[in-house]
1. Return the pairs, sorted by first residue and then second, in which the second residue is of a type in the set (Lys, Arg) and surrounded by fewer than 18 Cβ atoms within 10 Å (Cβ to Cβ), the first residue lies in segment 105-133 and is at positive phi, the beta carbons are less than 9 Å apart, and the residues are 6+ apart or on different chains.
2. Would you pick out the residues in segment 36-60 that are small (Gly, Ala, Ser) and not in a strand (DSSP E or B)?
3. Take the conditions open to solvent by less than 20 Å² (accessible area, probe 1.4 Å) and either modelled with pLDDT of 95 or more or not in a helix (DSSP H, G or I) (or both) and apply them to Val107. Does it pass?
4. Any idea which residue in segment 39-51 is surrounded by the most Cβ atoms within 10 Å (Cβ to Cβ), counting only those that are small (Gly, Ala, Ser) and farther than 24 Å from Leu148 by Cβ?
5. Cβ-Cβ under 9 Å, sequence separation 6+ or interchain: first residue in segment 148-166 and farther than 13 Å from Val107 by Cα and of a type outside the set (A, V, I, L, M), partner open to solvent by 30 Å² or more (accessible area, probe 1.4 Å) and not in a helix (DSSP H, G or I). Which pairs?
6. On the given criteria, is Val190 part of a helix (DSSP H, G or I) and in contact with a helix residue (DSSP H, G or I) (Cβ under 8 Å, 6 or more places away or on another chain)?
7. Within segment 15-35, which residues are surrounded by 13 or more Cβ atoms within 10 Å (Cβ to Cβ) and in a helix (DSSP H, G or I)?
Amino acid sequence: VLVLGGNSGIGLAAAKAFAAEGARVHFTGRSWRTIEAAQQAIPGGIGYQSDIADPAATEDLIARVEAADDRIDVLFINAGVGGFAPLRGITEYDWDHVHSINLRGCVFALQKAVRIMGRGGSVVVTGSIGAHGALEGNATYAAAKAGLYMAMKVFAKELVGEGIRVNVVSPGPIDTPLLHRNPGMTDEQVAGLKDMMIANIPMHRMGESDDV
């Protein structure tokens, strides 16, 4: 199993669950500090520092996984970033940064990884309910996730003949470190965002990574 973005949040929870089921887990992150901490939490987990926004780095990662394990049976593409800004506040940098990770990087990660996948393989991609609703200030993130949905629908059709399944899981609001990494948002604004989301959730609580 290869979990891209497996050093925290949903990715870490999934990596731990895969390991508990007996899988040999490879995972990535961008920070060695969080990678080393995750390795302690994932039995037998093998961590790599890699940035999904860089397709060349992802290609190198796949080669390293191949050298260690020959193939990938399960690919979980979970790496992602947030980005809240209203229309007049969106910058070209912010737009390109979010899309380079949440859309472009995910597409090329699948392209690189499918080379060492085979019949019976499973691809799971983290989408978001944000792609289906119009939340003010969420255009950059929502557009990337909406694009990701359609790309993966197409790839599911392209790969089904090879026996490889492609699915997107669509979480509602999940309380992960991602919420606290929205550029330009203060702690107070993050707290307000969480309160707003919780008010619209029937269970009146944020989801947890283990729920996903």
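The values are calculated or read from the model by the stated rules, or taken from the named source; none is laboratory data. Note that the structure is a prediction, hence the values are computed from the model and not measured. Glycine also receives a Cβ, built like all others from the backbone with ideal geometry; neighbour counts cover every protein chain displayed. Ligands, DNA and RNA are excluded from the accessible area calculation, which covers all protein heavy atoms including side chains. Shrake-Rupley method; radii C 1.70, N 1.55, O 1.52, S 1.80 Å.
1. Gly120/Arg165
2. Ala37, Ala38, Ala41, Gly44, Gly45, Ser50, Ala53, Ala56, Ala57
3. no
4. Gly45
5. From segment 148-166, the pairs are Glu162/Gly118; Glu162/Arg119; Gly163/Gly118; Gly163/Arg119; Gly163/Gly120; Arg165/Gly120; Arg165/Val124.
6. Taking the combined requirement at face value, the residue satisfies it.
7. Ala15, Lys16, Ala17, Phe18, Ala19, Thr34, Ile35
One line per residue, one yes/no per condition, for (1) touching a strand residue (DSSP E or B) at 6+ places or on another chain (Cβ under 8 Å); (2) open to solvent by 20 Å² or more (accessible area, probe 1.4 Å); (3) assigned to a helix (DSSP H, G or I); (4) of a type in the set (Gly, Ala, Ser):
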site	(1), (2), (3), (4)
Arg115	no, yes, yes, no
Gly120	no, yes, no, yes
Val124	yes, yes, no, no
Gly130	no, no, yes, yes
Gly133	no, yes, no, yes
Tyr149	yes, yes, yes, no
Glu158	no, yes, yes, no
Pro202	no, yes, no, no
Asp210	no, yes, no, no
